[in-house]
Amino acid sequence: MYHDNDKTFLAKDTFLLIRNINEINHYLGSQFINKVDSIAFDIGIDTFYNHDDPTLWPASHPLSPKDPDMHWGWAAGYKFVVLEGKNGPDLFYDFEMHAFGDPLLTRVVVPINNTNNGDKLTIELNADYQHLFDDINLDNVIVIHGSSKVVIAVMKNLKNNVFSDANKFSGAIDVEKPHLTIAPNPTNSEIVEISLTNYNQDVSNITIFDNNGKIVQKIINPSPKQEIHLEKSGIYFIQLYIAGQPQQALKLVRL
């Protein structure tokens, strides 16, 4: 977690097994935090733990043996994502997707706008699983195990399209308010131009996060045409704040 512009809080060795339920709550620890900038987490298990013996963990631990089984074997390691249901004409066929393999470990970054109003700070995340299969053709897809193209596409959707700050603006942009456009995107240029439509004095700042959720640049009182400099290739998140509140977030790919 990045907070208060340049500080980091690491919830070390924290594992969660997320099932198809409405809500879970998890205590991350104690730390003095005024404002959260972003939170980052991995979907999957890193190589240090992925090939451990599940029976060595206490029964209550997320990495211990589970039913249904979340472990594919010592060599392959844990299943990072398990999706099961029905597919095909009239939902006739059983559908099964088990994602596993070290290269599938996926970092998710969510910009957060949350300020501590007391001695307890709650970060609320939405997970919209309807976006798991965005732009994926599942025709004739019945059983998939491992790291096929479909699995890789699902992990990409988990990274980019599923998670969001529950307290942020809705996905719809109010066209009467200031909003951002970035072109071209993706770009191979170090200098990127951001345009602010319907610019007014309520625009507080534009904040740029890197792929780990760290603030790499904050532009206070930006102009309607604003250049940003991105020396390194990678994925960035551009957040627009109006009157101190988040209005819009865009993903930028720097090739």
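The values are calculated or read from the model by the stated rules, or taken from the named source; none is laboratory data. All values reported here derive from a predicted model rather than from experimental measurement. Neighbour counts run over all protein chains shown; Cβ positions are idealised from the backbone, glycine included.
All but one of (1) among the charged types (D, E, K, R); (2) at pLDDT below 95; (3) not in a loop (DSSP other than H, G, I, E, B) hold for D42; which doesn't?
Going through (1) among the charged types (D, E, K, R); (2) at pLDDT below 95; (3) not in a loop (DSSP other than H, G, I, E, B) one by one, D42 breaks only (2).
Select from segment 12-27 the residues that are aliphatic (A, V, I, L, M) and at pLDDT 90 or above and list them in ascending order. I'd like the intermediate steps shown before the answer.
Step one: list which residues in segment 12-27 are aliphatic (A, V, I, L, M), which gives 16-18, 21, 24.
Scanning segment 12-27 gives L16, L17, I18.
Of (1) touching a residue at least 40 places away in the same chain (Cβ under 8 Å); (2) in a helix (DSSP H, G or I); (3) touching a His at 6+ places or on another chain (Cβ under 9 Å), V192 satisfies all except one. Which?
The single condition V192 does not satisfy is (2).
Go over the candidates S189, S204 one by one and state the one that is more than 15 Å from the chain's Cα centre (by Cα), in the same structural domain as Q245 (by TED's automatic domain parsing) and surrounded by 14 or more Cβ atoms within 10 Å (Cβ to Cβ).
Details: S189 fails: surrounded by 14 or more Cβ atoms within 10 Å (Cβ to Cβ).
That would be S204, the only listed residue that is more than 15 Å from the chain's Cα centre (by Cα), in the same structural domain as Q245 (by TED's automatic domain parsing) and surrounded by 14 or more Cβ atoms within 10 Å (Cβ to Cβ).
Please specify each residue of segment 235-246 satisfying the condition of being assigned to a strand (DSSP E or B) and either within 16 Å of D37 (Cβ to Cβ) or touching a Lys or Arg at 6+ places or on another chain (Cβ under 6 Å) (or both).
Narrowing segment 235-246 to residues assigned to a strand (DSSP E or B): 235-242, 245-246.
The answer is Y236, F237, I238, Q239, L240, Y241, Q245, P246.
Which ones in segment 103-131 are farther than 16 Å from N212 by Cβ and β-branched (V, I, T)?
If we filter segment 103-131 for residues that are farther than 16 Å from N212 by Cβ, which is where we start, we get 103-104, 113-131.
If the condition is that a residue be farther than 16 Å from N212 by Cβ and β-branched (V, I, T), then T115, T122, I123 are the ones that fit.
Within the bounds of segment 65-77, is there any residue that is more than 21 Å from D128 (Cα to Cα), charged (D, E, K, R), surrounded by 10 or more Cβ atoms within 10 Å (Cβ to Cβ) and under 24 Å from the mean Cα position of the chain (by Cα)?
Keep residues of segment 65-77 that are more than 21 Å from D128 (Cα to Cα), which gives 65-77.
Adding the requirement that they be charged (D, E, K, R) leaves 66-67, 69.
With the extra rule that they be surrounded by 10 or more Cβ atoms within 10 Å (Cβ to Cβ), the set shrinks to 66, 69.
From the residues that got through so far, the ones that are under 24 Å from the mean Cα position of the chain (by Cα) too are none.
No, because not a single residue in segment 65-77 is more than 21 Å from D128 (Cα to Cα), charged (D, E, K, R), surrounded by 10 or more Cβ atoms within 10 Å (Cβ to Cβ) and under 24 Å from the mean Cα position of the chain (by Cα).
Would you check if there is a residue in segment 42-57 being closer than 20 Å to Y2 by Cβ and surrounded by 15 or more Cβ atoms within 10 Å (Cβ to Cβ)? Don't jump to the end; show me each part of the working.
Taking segment 42-57 first, the residues closer than 20 Å to Y2 by Cβ are 42-43, 46.
Among the residues that remain, those that are also surrounded by 15 or more Cβ atoms within 10 Å (Cβ to Cβ) are: 43.
Within segment 42-57, one or more residues are closer than 20 Å to Y2 by Cβ and surrounded by 15 or more Cβ atoms within 10 Å (Cβ to Cβ).
Can you confirm whether F48 is part of a helix (DSSP H, G or I) and not hydroxyl-bearing (S, T, Y)? If you could, list the steps in order and put the result at the bottom.
Working: part of a helix (DSSP H, G or I): yes; not hydroxyl-bearing (S, T, Y): yes.
Criteria met by F48.
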